[in-house]
Structures are given as C-alpha cells and as structure tokens.
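Report on the structure given below.
The values are calculated or read from the model by the stated rules, or taken from the named source; none is laboratory data. Treat the numbers as computed from the prediction; the structure is a model and nothing was measured. All Cβ positions, glycine included, derive from the backbone under ideal geometry; neighbour counts span all protein chains shown. Just so you know, the surface numbers come from the protein's heavy atoms only, side chains and all, with ligands and any DNA or RNA stripped out. Shrake-Rupley method; radii C 1.70, N 1.55, O 1.52, S 1.80 Å.
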Amino acid sequence: DAKTTQPPSMDCAEGRAANLPCNHSTISGNEYVYWYRQIHSQGPQYIIHGLKNNETNEMASLIITEDRKSSTLILPHATLRDTAVYYCIVRIPSSNTGKLIFGQGTTLQVKP
Amino acid sequence: DAGVIQSPRHEVTEMGQEVTLRCKPISGHNSLFWYRQTMMRGLELLIYFNNNVPIDDSGMPEDRFSAKMPNASFSTLKIQPSEPRDSAVYFCASRYSSGTEAFFGQGTRLTVV
C-alpha cells in the first residue's frame, strides 16, 4: 500500500470548514484513498473514501487532485465533537489480503 | 447490530500472568483485525484474519503473543507471559473481505504492573 504524509496537527475554529490535507505521491492506479478518524478513547471510525472523483457524504467531502497524488478531507462546519485524530490511508478495497495500515494521522483541534 | 464487541474493556494484571482479550465481530463480516495502540507507536496492526484463517501475523511482536479465530463469530488475542511493555489499548475490527469500511470495537485497555 502507498505511503501517506499528513501534518501532525491542525486547529480549526468551531463552525468553520476544516481542511485536512494528505499527500500520497506513490499511489497506484487501483488504490483508493480512505479517511478514518479516532475520537479520544474510542476506536477509529470510517469517514469516507474515493478513487479519483470528489466524494461527499453526511460526514465530510473528499477532494482528490487530478493526478491523485494528494487529497483533502473537508469537514464543512466543524464542531467541538470533530476534535479527533484523522487518518488518511491508501489501499485496494477489494483485495482479500489488504491490510489497513494507519500512520500517525493529523490531530485536529476544534476550538470554540 | 451491536457492532464489534470486545471484552473486557479494562484489564489490570501482574507481570508474568496470562492475559486473554476477546472479540466478537459483526455478524457476516469475514475479515478480522487486531491492533495495538500506544502513545509511542500509534496504531499498529498485529494480525489479520480472512475467513477465520490468519493471513498476515507479521505485526505480532513476539512469541508471547498468539491469536486465534475458532469460528466466524469469535477471536482471542492471548499474551503469555505478559510484561509491562504490553500495556496498551488493543482494538479489534471487522469488515467484509470485499467491502470498504472496517468497524472497530471500543478497545481493551490493558495495564500490566
């Protein structure tokens, strides 16, 4: 699976959009970009995933660059409950031997 | 569905004792993962099962650690003998093997004194 690079920490004001970047310059053509988050003392939680088109669900939006070497997770209106560690992972979804490997992630602190 | 269920939620044991952590995956899921999380090393994948068969155990730290999945609805992670450096939060996760998202349990916080 391709390696990802994320900033270690970010701050965001409550109610504003939180934009979390991820670099994955070695991504291959059949690898998807996944985002998970981990709120303190809980297990990681799936947020969203995509291949090359932008994706949106009830939690967030995922913007993937045209060359697919980077992506941005957008929380449109961050709340205090969005304070968490956000992990960007690149992998092949249908692989029966696919491991889910977490990096260090980005610690997002949403401030009032 | 109640989600991935782990037990116990907290475990305190003395060095040298055997520790068994338990996991019940979501019904119908056929992939199961065990992770360990510490401040120093983050979230580490220990072992991965597919259809009850261990596929990759390269993350298991040493022979003191063993994991089993006797059936599709139950898995154990055993540490024998336990050491203080094994203190961590251990997470279990499950997913459909051809699916996309993994669901995590609430974790077991292990303290070895």
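Chains A and B together bury some 1700 Å² of accessible area, summed over both sides, with a 1.4 Å probe.
Entry note, chain A: relative contact order of 36 percent, from Cα contacts under 8 Å with a spacing of 6+ residues.
When the surface is traced with a 1.4 Å probe over the full set of protein chains, A:Met10 keeps roughly 50 Å² accessible.
Normalising by residue count, the range A:1-72 has a Cα convex hull of 113 Å³ per residue. Note the count of lysine pairs whose C-alpha atoms are less than 14 angstrom apart in the protein assembly as shown, limited to pairs 8 or more residues apart or on different chains. Lysine pair count for the protein assembly as shown: 5.
Mind checking the mean number of beta-carbon atoms from other chains within 10 Å of the Cβ atoms in A:34-43? Mind dumping the intermediate values first?
On the way: counts 3, 0, 4, 0, 4, 0, 0, 4, 5, 16.
Across the residues of A:34-43, the mean count of other-chain Cβ atoms within 10 Å is 4.
With every protein chain left in place, what is the accessible area per residue of chain B in square angstrom, probe 1.4 Å?
On the way: 5480 Å² over 113 residues.
Heavy-atom SASA per residue in chain B reads 48 Å².
With the simple spin-label model, which puts each label point 7 Å out from Cα in the Cβ direction, the B:Val12 to A:Leu51 separation comes to 5.2 nm. Only protein atoms count toward the accessible area here, which uses a 1.4 Å probe; on the range B:18-113, the carbon and sulfur part of that area reaches 50 percent.
Pairwise Cα separations in chain B fall into 10 Å bins from 0 onward with the following percentages, short to long: 15, 51, 29, 5, 0.
The 3J(HN,Hα) values that the Karplus relation (6.51, -1.76, 1.60; θ = phi - 60°) gives for the range A:11-28 are, in residue order, 10, 8, 7, 4, x, 8, 6, 9, 10, 10, x, 8, 9, 9, 5, 9, 4, 9 Hz. Gly and Pro appear as x.
Could you order A:Tyr46, B:Tyr96, B:Tyr48 by accessible surface area, starting with the largest, using a probe radius of 1.4 Å? Before the final figure, lay out the partial values.
Details: A:Tyr46 40, B:Tyr96 120, B:Tyr48 0 Å².
Order by accessible area, largest first: B:Tyr96, A:Tyr46, B:Tyr48.
For A:Leu80 and B:Ala2, what is the calculated FRET efficiency with R₀ set at 22 Å and r taken between the beta-carbons, to the nearest 0.05? Don't jump to the answer; show the numbers that get you there.
Numbers: r = 27 Å, r/R0 = 1.24.
My answer for the efficiency is 0.20.
I want the antiparallel fraction of DSSP beta bridges within the protein assembly as shown, as a percent rounded to 5.
Values: 64 of 73 bridges.
Rounded to the nearest five, the antiparallel share is 90 percent.
In the assembled protein chains, B:Asp57 presents an accessible area of approximately 90 Å² (probe radius 1.4 Å). For B:Cys92, the solvent-accessible surface with a 1.4 Å probe is about 0 Å², rounded to the nearest 10.
GNM, chain A, Cα, under 10 Å: largest mean-square fluctuation among A:Ala13, A:Ala84, A:Ala60? Per the Cα network of chain A with a 10 Å cutoff, A:Ala13 tops the list. Is the C-alpha gyration tensor of the range B:1-63 telling us rounded, prolate or oblate? Criteria: a/c under 1.5 is rounded; beyond that, a/b larger than b/c is prolate, otherwise oblate. Here the range B:1-63 falls in the oblate category.
Using C-alpha pairs below 8 Å separated by at least 6 residues, the relative contact order for the range B:32-109 is 27 percent. A simple spin-label model places pseudo-atoms 7 Å from Cα toward Cβ; at B:Thr111 and A:Thr26 they are separated by 4.0 nm. Put a dot 7 Å past the Cα of B:Asp56, heading toward its Cβ, do the same for A:Ile39, and the two dots end up 2.9 nm apart.
Springs between Cα atoms under 10 Å define the GNM used for chain A, and in it the highest mean-square fluctuation of A:Ile92, A:Ile101, A:Ile63 occurs at A:Ile101.
Over chain A, give the accessible area per residue in Å² for a 1.4 Å probe, as an integer. Spell out each step's value before the answer.
On the way: 5690 Å² over 112 residues.
Here the per-residue accessible area is 51 Å².
Lone cysteines in chain A, going by a 4.7 Å Cβ-Cβ cut-off? For chain A, the answer is A:Cys12, because their Cβ atoms have no other cysteine Cβ under 4.7 Å. Evaluated at q = 0.09, 0.15 Å⁻¹, a Debye calculation over the C-alpha positions of the protein assembly as shown (equal weights, vacuum) places log10 I(q)/I(0) at -0.37, -1.00.
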